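A.B. asks: To start, I am sharing the structure in question, which I have written as structure tokens.
The values are calculated or read from the model by the stated rules, or taken from the named source; none is laboratory data. Keep in mind it's a predicted model, so treat the numbers as computed, not measured. For neighbour counting, all protein chains shown are included, and Cβ atoms are generated from backbone atoms with ideal geometry for every residue, glycine included. To get the accessible areas, we keep the full protein, side chains included, count just its heavy atoms, and leave off ligands, DNA and RNA. Shrake-Rupley method; radii C 1.70, N 1.55, O 1.52, S 1.80 Å.
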Amino acid sequence: MDHLKKHARLAVTLMLTGFFLLSLSLAWQESTTEDEKAHVPASYSSVRFGDMRLNPEHPPLIKDLAGIPLQFMSLSFPTDSAQWQTGVNEQWSIGDMFIHQNDAEWVMFWARFPIILIAVLFGFCIYRFTKAFAGTVAGLFALLLYVADPNVIAHGHYVTTDLGIAAFIFLAIVFFVRFLRKPTLGNTLLFGVFFALAELAKFSAILLYPYFALIILAYALTRPKSDTIHDSHFLFAIKQLFSYTFKYLGALVVCFALIWTLYFFNTVNEPGIKMVETAKDFFQQDNLPAHFAIDTVTSLSGSGATKPFAQYLLGFFKVFSRFEGGNTHYFLGTVTPDASPWYFPIVFTLKETLPFLFFLVFGGVYTVVRIVKVFAGKSARTWHTVISHSIQSHITQYTMFGFVVLYAFVSITGNLNIGFRHLFPIIPLLEVLIAKTVFDFIRRKGFHGEHASRVALTVLAFWIFAIPVLAYPSYLSYFNEAAGGPKNGYRYVTDSNYDWGQDMRRLRDFVDAFNACKAGTADPATCTKFADIERYPPINQIHTAYFGGANPKYYLGDKYIEWYADWGRRSGWHAISATFWQESLYQSNPTGKLTYRWIVDGGYPLAWHAGDSIFVYYVPPSPGIE
């Protein structure tokens, strides 16, 4: 371990450099994902025009950062289109126009570049914080867990809010704990700044408002009273609570001032009436919450001073109405709009790496054992003192673990089952807690198995490192070995867990390589992956059911034929996204419409994959098939 301490800087540099280069490679290889189709045009237009009419359901911070590099490119934007001029919630159609009327691959690469920088800097922050918290080697271990997590790699370059909210919630918690330990003016201001950054990253950070208040209550009421203070314990606790509450309110003032400021620059040129039109489109229900949302946005949108909060609240109302409404999704052989409390626990277990799950269980068991030992033999009368001392001594662990429990509870009991990515805010917190617990275990007094533990940890660290190497480039579609790996993940869940549109460019490359091999113009080494190619005709046209943000016509040209399951049986080549495949086969079908069951029942084998998420079939001409 001393060797690692000596070369810690080199290890950090190598890990972050490798992560950075891998992310750059993936940013170039992968096509536009479903949500990026909306986020990228919103990123450009918010910065360029000071107008947030696109994608108002997300705060602007991450999108603004993604939009900055695009300002240095010569890009056309459809400001003259009816969708921009008079349309409402046209982010998807404008996204298609904006991305694909320019050079889509360069637009996506440069929009993704700031997200990669956030991911790299966040990794460095995880290392520095864990180093100060648990030691240098623990910091290196936490960083390894982060950079080698296939899920982090997968989302570490997408223009979405998922990686950003994880980073800024982590930093908000770090500076909140610093504020608790030493509530100076400087720490209060810093806490307010990072609190604002979290709130400006994604609306799920709203959980921090009551959560921080609850932690302040627990911390203030358990503060030890010095013998030099003559107040009663009750009066001392009340004074502490009042002092922390007052300073917390000061941090909130800083937070909301920064929220207003960024929203001001993002809405300075947006007509207030556009916000009202969007609110009326979003909230069409005839109920009190919908009327309240529309009335609030209408009353605030008429003034330049209050318009930023009109946009902020519009997004807030939209997100939480969607959270209540749910979403249709495929999960374990069913297609339903109803959430399952098993969704996130099962998806987490299937998509996280096995070493991570081992350390999570080990850390949990070890922590419970330690807690039992602390309370063993102590009378109930002393429990208050023990708990108070524990909160004061371990406030970092309590704050991090408490947020993990709160966020997991809200996710599990909510009605929005979208994907593993929605658990991102708790992943880095777990990585830090795991690193701290593992090295507390190894370093504990009277432990005689330190050497064996270090050997076992080294073996597991190599396993952690090997996982992304062996999984390349299947990171979004990654499922652990117990789940059957990336090729089988679609059997459990789809959407952003597996198939988000990332493989359209790979489908184009597949078609080009296949046709070159058929024509005899390709390197023979390239053609070895096409087994029995003689059995198949060239791909002159391909019936495509694509789920994602890319435009298939842009990539496939005249070879592209849009075709979905219920449009009829067709001979020839078919490319089908895993999401559409599973939803077609497993959703309720009371009207008996045509599904992809005809391919299964016809015995047509899966010919190839494009990436992992696009299935390629060939259906030969036969009676009953056009």
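A.B. asks: I need a count of the residues in region 8-44 that are assigned to a helix (DSSP H, G or I), open to solvent by less than 30 Å² (accessible area, probe 1.4 Å) and touching an Asp or Glu at 6+ places or on another chain (Cβ under 8 Å). Show your work before the answer.
C.D. replies: Let us first name the residues in region 8-44 that are assigned to a helix (DSSP H, G or I), namely 8-29, 36-44.
Filter once more, so that each one left must be open to solvent by less than 30 Å² (accessible area, probe 1.4 Å): 8, 11-12, 16, 19, 23, 26-27, 36, 38-44.
Imposing the further condition that a residue be touching an Asp or Glu at 6+ places or on another chain (Cβ under 8 Å) reduces the set to 43.
Selection size over region 8-44: 1.
Condition check ((1) of a type outside the set (Lys, Arg); (2) farther than 30 Å from Gly87 by Cα; (3) over 26 Å from the mean Cα position of the chain (by Cα); (4) surrounded by 15 or more Cβ atoms within 10 Å (Cβ to Cβ)) across all residues:
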{"position": "Ser299", "(1), (2), (3), (4)": "yes, no, yes, no"}
{"position": "Leu314", "(1), (2), (3), (4)": "yes, no, no, yes"}
{"position": "Thr328", "(1), (2), (3), (4)": "yes, no, no, no"}
{"position": "Val361", "(1), (2), (3), (4)": "yes, yes, no, no"}
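A.B. asks: Could you pull out the residue among Ala519, Ala513, Ala483, Ala525 that is at pLDDT 95 or above and open to solvent by 10 Å² or more (accessible area, probe 1.4 Å)?
C.D. replies: Answer to the selection: Ala513.
A.B. asks: In this structure, does Val459 turn out to be surrounded by 13 or more Cβ atoms within 10 Å (Cβ to Cβ), out of contact with any His (no Cβ under 6 Å at 6 or more places or on another chain) and modelled with pLDDT of 90 or more? Show your work before the answer.
C.D. replies: Values: surrounded by 13 or more Cβ atoms within 10 Å (Cβ to Cβ): no; out of contact with any His (no Cβ under 6 Å at 6 or more places or on another chain): yes; modelled with pLDDT of 90 or more: yes.
No, not satisfied.
A.B. asks: Now a separate question. Please go through region 393-447 and pick out each residue that is modelled with pLDDT of 95 or more, open to solvent by 40 Å² or more (accessible area, probe 1.4 Å) and hydroxyl-bearing (Ser, Thr, Tyr).
C.D. replies: Listed by number, the list holds a single entry, Tyr398.
A.B. asks: Going by what's in this entry, would Arg491 be described as open to solvent by 30 Å² or more (accessible area, probe 1.4 Å) and in contact with a strand residue (DSSP E or B) (Cβ under 7 Å, 6 or more places away or on another chain)? If you could, list the steps in order and put the result at the bottom.
C.D. replies: Values: open to solvent by 30 Å² or more (accessible area, probe 1.4 Å): yes; in contact with a strand residue (DSSP E or B) (Cβ under 7 Å, 6 or more places away or on another chain): no.
Spelling it out, it is not the case that Arg491 is open to solvent by 30 Å² or more (accessible area, probe 1.4 Å) and in contact with a strand residue (DSSP E or B) (Cβ under 7 Å, 6 or more places away or on another chain).
A.B. asks: Let me ask something additional. Which is at pLDDT below 95, under 34 Å from the mean Cα position of the chain (by Cα) and not charged (D, E, K, R), of Ala545, Ala565?
C.D. replies: Only one candidate passes the filter, namely Ala565.
A.B. asks: Right, here's the next one. Could you list, in sequence order, all residues of region 269-327 that are under 25 Å from Ile412 (Cα atoms), touching a Leu at 6+ places or on another chain (Cβ under 8 Å) and among the basic types (Lys, Arg)?
C.D. replies: Arg322
A.B. asks: So the check is Cβ under 6 Å with 6+ separation or different chains; which pairs have a first residue in region 469-484 that's within 22 Å of Gly501 (Cβ to Cβ) and a second one that's surrounded by 13 or more Cβ atoms within 10 Å (Cβ to Cβ) and acidic (Asp, Glu)?
C.D. replies: Cβ pairs passing all conditions: Ser474/Asp612; Ser477/Asp612.
A.B. asks: For Ala310, which of the numbered conditions (1) in contact with an Asp or Glu (Cβ under 7 Å, 6 or more places away or on another chain); (2) part of a helix (DSSP H, G or I) fails to hold?
C.D. replies: All conditions are met except number (1).
A.B. asks: Okay, moving on. Take the conditions buried (at least 21 other Cβ atoms within 10 Å of the Cβ) and touching a residue at least 12 places away in the same chain (Cβ under 8 Å) and apply them to Pro60. Does it pass?
C.D. replies: It is true that Pro60 is buried (at least 21 other Cβ atoms within 10 Å of the Cβ) and touching a residue at least 12 places away in the same chain (Cβ under 8 Å).
A.B. asks: Shifting gears a bit: Confirm whether Phe309 is over 30 Å from Phe547 (Cβ atoms), open to solvent by 60 Å² or more (accessible area, probe 1.4 Å) and in contact with a Phe, Trp or Tyr (Cβ under 8 Å, 6 or more places away or on another chain).
C.D. replies: Working: over 30 Å from Phe547 (Cβ atoms): yes; open to solvent by 60 Å² or more (accessible area, probe 1.4 Å): yes; in contact with a Phe, Trp or Tyr (Cβ under 8 Å, 6 or more places away or on another chain): yes.
The answer is yes for Phe309.
A.B. asks: OK, next. Please find, among Val365, Val361, Val347, Val297, the residue that is in a helix (DSSP H, G or I), in contact with a strand residue (DSSP E or B) (Cβ under 8 Å, 6 or more places away or on another chain) and at pLDDT 90 or above. Reasoning before the result, please.
C.D. replies: On the way: Val365 fails: in contact with a strand residue (DSSP E or B) (Cβ under 8 Å, 6 or more places away or on another chain); Val361 fails: in contact with a strand residue (DSSP E or B) (Cβ under 8 Å, 6 or more places away or on another chain); Val297 fails: in contact with a strand residue (DSSP E or B) (Cβ under 8 Å, 6 or more places away or on another chain).
So the residue among Val365, Val361, Val347, Val297 that is in a helix (DSSP H, G or I), in contact with a strand residue (DSSP E or B) (Cβ under 8 Å, 6 or more places away or on another chain) and at pLDDT 90 or above is Val347.
A.B. asks: Would you say Thr544 is assigned to a strand (DSSP E or B) and either open to solvent by 40 Å² or more (accessible area, probe 1.4 Å) or in contact with an Asp or Glu (Cβ under 9 Å, 6 or more places away or on another chain) (or both)?
C.D. replies: yes
Every residue, every condition in (1) touching a helix residue (DSSP H, G or I) at 6+ places or on another chain (Cβ under 9 Å); (2) in contact (Cβ under 8 Å) with a residue 12 or more places away in the chain; (3) of a type in the set (A, V, I, L, M, F, W, C); (4) farther than 26 Å from Leu197 by Cβ, yes or no:
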site: Ala66; (1), (2), (3), (4): yes, yes, yes, no
site: Asp96; (1), (2), (3), (4): yes, yes, no, yes
site: Ile99; (1), (2), (3), (4): yes, yes, yes, yes
site: Met108; (1), (2), (3), (4): yes, yes, yes, no
site: Arg112; (1), (2), (3), (4): yes, yes, no, no
site: Cys125; (1), (2), (3), (4): yes, yes, yes, no
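A.B. asks: Conditions: (1) at pLDDT 95 or above; (2) over 26 Å from the mean Cα position of the chain (by Cα); (3) under 23 Å from Ile273 (Cα atoms). Gly87 meets all but one. Number of the miss?
C.D. replies: Of (1) at pLDDT 95 or above; (2) over 26 Å from the mean Cα position of the chain (by Cα); (3) under 23 Å from Ile273 (Cα atoms), only one is false for Gly87: (1).
A.B. asks: Right, something else. Where the second residue is outside any loop (DSSP other than H, G, I, E, B) and open to solvent by 20 Å² or more (accessible area, probe 1.4 Å) and the first is free of Cβ contacts under 8 Å to residues at least 40 places away in the same chain and closer than 23 Å to Lys529 by Cα and lies in region 485-513, which pairs have Cβ atoms under 7 Å and are six or more apart or on separate chains?
C.D. replies: Note: pairs meeting the criteria are Ala513/Thr526.
A.B. asks: Would you call Thr228 open to solvent by 40 Å² or more (accessible area, probe 1.4 Å) and at negative phi?
C.D. replies: yes
A.B. asks: Right, something else. Can you report the number of residues in region 368-397 which are closer than 18 Å to Phe441 by Cα and either touching a Ser or Thr at 6+ places or on another chain (Cβ under 6 Å) or touching a residue at least 40 places away in the same chain (Cβ under 8 Å) (or both)?
C.D. replies: 1
A.B. asks: Failed condition for Arg53, given (1) surrounded by fewer than 18 Cβ atoms within 10 Å (Cβ to Cβ); (2) closer than 20 Å to Lys307 by Cβ, with all others met?
C.D. replies: With (1) surrounded by fewer than 18 Cβ atoms within 10 Å (Cβ to Cβ); (2) closer than 20 Å to Lys307 by Cβ applied to Arg53, the lone miss is (1).
A.B. asks: Here is a check on your reading of the model: is Tyr158 within 26 Å of His58 (Cβ to Cβ), at pLDDT 95 or above and part of a loop (DSSP other than H, G, I, E, B)?
C.D. replies: Criteria met by Tyr158.
A.B. asks: Further, regarding this structure: Taking only pairs six or more apart or across chains, which ones have beta-carbon atoms under 7 Å, a first residue in region 293-310 that is β-branched (Val, Ile, Thr), and a second residue that is open to solvent by less than 30 Å² (accessible area, probe 1.4 Å) and part of a loop (DSSP other than H, G, I, E, B)?
C.D. replies: Ile294/Phe283
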